[in-house]
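Down below is the structure, laid out as structure tokens.
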Amino acid sequence: MSPYVAEIIGTAILMLLGNGVVANVLLSDSKGNGGGWIVITWGWGIAVFTAVFVVGQFSGAHINPAVTIGLAAGGLFEWAEVPFYIGAQMIGAAIGALFVWLAYKDHFAKEDNADLILAVHCTAPAIRKYPNNVMTEAIGTLMLVFGVFYIVAPGFISTNGELLSTIVIDGQEVGFGLGSLAALPVGLLVFGIGLSLGGPTGYAINPARDLGPRIMHAILPIPGKRDNDWAYSWVPVVGPVIGAFLAAGLFLLLQ
């Protein structure tokens, strides 16, 4: 499988299961309605676990532009590949959001709270103070990317069982971030971040996770939806990128 296709599939899985659990908990007449924050954070942790396990062997399962940028800044991934990975992640995020809408279409139609409809797709702060919101997203992403550096040596498992740190793409050797063996600990890390740091902003910690579905919210014919809160949309992009660079800097400092 092409690593770019793998990133599309992995990020789509992440969004389908991640935004899916939010829809299950928030939308009217869903059987999971009212399940609460623990259900949401568990759902996101399992979403990460599943996505990483499925595509880790093919692309390293970054499934997050912040992870891709952090690994590149840490010298473990080629900068030339970063735009292609991020593009694939954005496409995957949009596809995942589309499948969530299809699965919960009747519930979106019955939901009369436009804020909840938006919340299924993207994040919003509990207290809107942009500097603090950016800082919270940066801290959460710092923890994520720094944890990724140390949970498993960047690489993937080859067919003969060897842990590789690079693979040849179009004649060039490219470094990768995660392998399938990292799926469970990375999922638990995201679960922990949600429990500990998710309250202020909803812990996007992933620009594609927020921006892709936010764009889909604008496009999809959802009855009764509100505006897309573009005024906040830069926060879950800028904050995670800052956190990724901080994690890479700390990782390099400790080498």
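The values are calculated or read from the model by the stated rules, or taken from the named source; none is laboratory data. What you see is a predicted model, and the numbers here were worked out from it, not measured in a lab. Glycine also receives a Cβ, built like all others from the backbone with ideal geometry; neighbour counts cover every protein chain displayed.
Pick from region 18-37 the residues that are among the aliphatic types (A, V, I, L, M) and crowded, with 22+ Cβ neighbours inside 10 Å: which of them is farthest from ASP115 (Cα to Cα)? Please lay out each step first, then the result.
Step one: list which residues in region 18-37 are among the aliphatic types (A, V, I, L, M), which gives 21-23, 25-27.
Subset that is crowded, with 22+ Cβ neighbours inside 10 Å: 21-23, 26-27.
Working: VAL21: 16, VAL22: 13, ALA23: 12, LEU26: 10, LEU27: 11 Å.
Only one residue tops the list, namely VAL21.
Of everything in region 108-129 that is assigned to a loop (DSSP other than H, G, I, E, B) and over 16 Å from the mean Cα position of the chain (by Cα), the residue that is nearest to SER30 (Cα to Cα) is GLU111.
Can you confirm whether region 112-128 contains a residue that is touching a residue at least 12 places away in the same chain (Cβ under 8 Å) and over 23 Å from ARG226 (Cβ atoms)? For region 112-128, residues touching a residue at least 12 places away in the same chain (Cβ under 8 Å) and over 23 Å from ARG226 (Cβ atoms): absent.
When the residues of region 216-255 are filtered to those that are over 24 Å from HIS107 (Cα atoms), among the aliphatic types (A, V, I, L, M) and more than 20 Å from the chain's Cα centre (by Cα), which remaining residue is surrounded by the fewest Cβ atoms within 10 Å (Cβ to Cβ)? The qualifying residue surrounded by the fewest Cβ atoms within 10 Å (Cβ to Cβ) is LEU253. Being in contact (Cβ under 8 Å) with a residue 60 or more places away in the chain and of a type in the set (S, T, N, Q) is a property that holds for SER28. Which of (1) surrounded by fewer than 17 Cβ atoms within 10 Å (Cβ to Cβ); (2) in contact with a strand residue (DSSP E or B) (Cβ under 6 Å, 6 or more places away or on another chain) does LEU76 not meet, given it meets every other one? Unmet condition: (1). Reported count of residues in region 84-107, each being more than 13 Å from the chain's Cα centre (by Cα), hydrophobic (A, V, I, L, M, F, W, C) and surrounded by fewer than 24 Cβ atoms within 10 Å (Cβ to Cβ), is 7. Being farther than 24 Å from VAL237 by Cα and either at pLDDT 95 or above or part of a loop (DSSP other than H, G, I, E, B) (or both) is a condition met by at least one residue of region 130-153.
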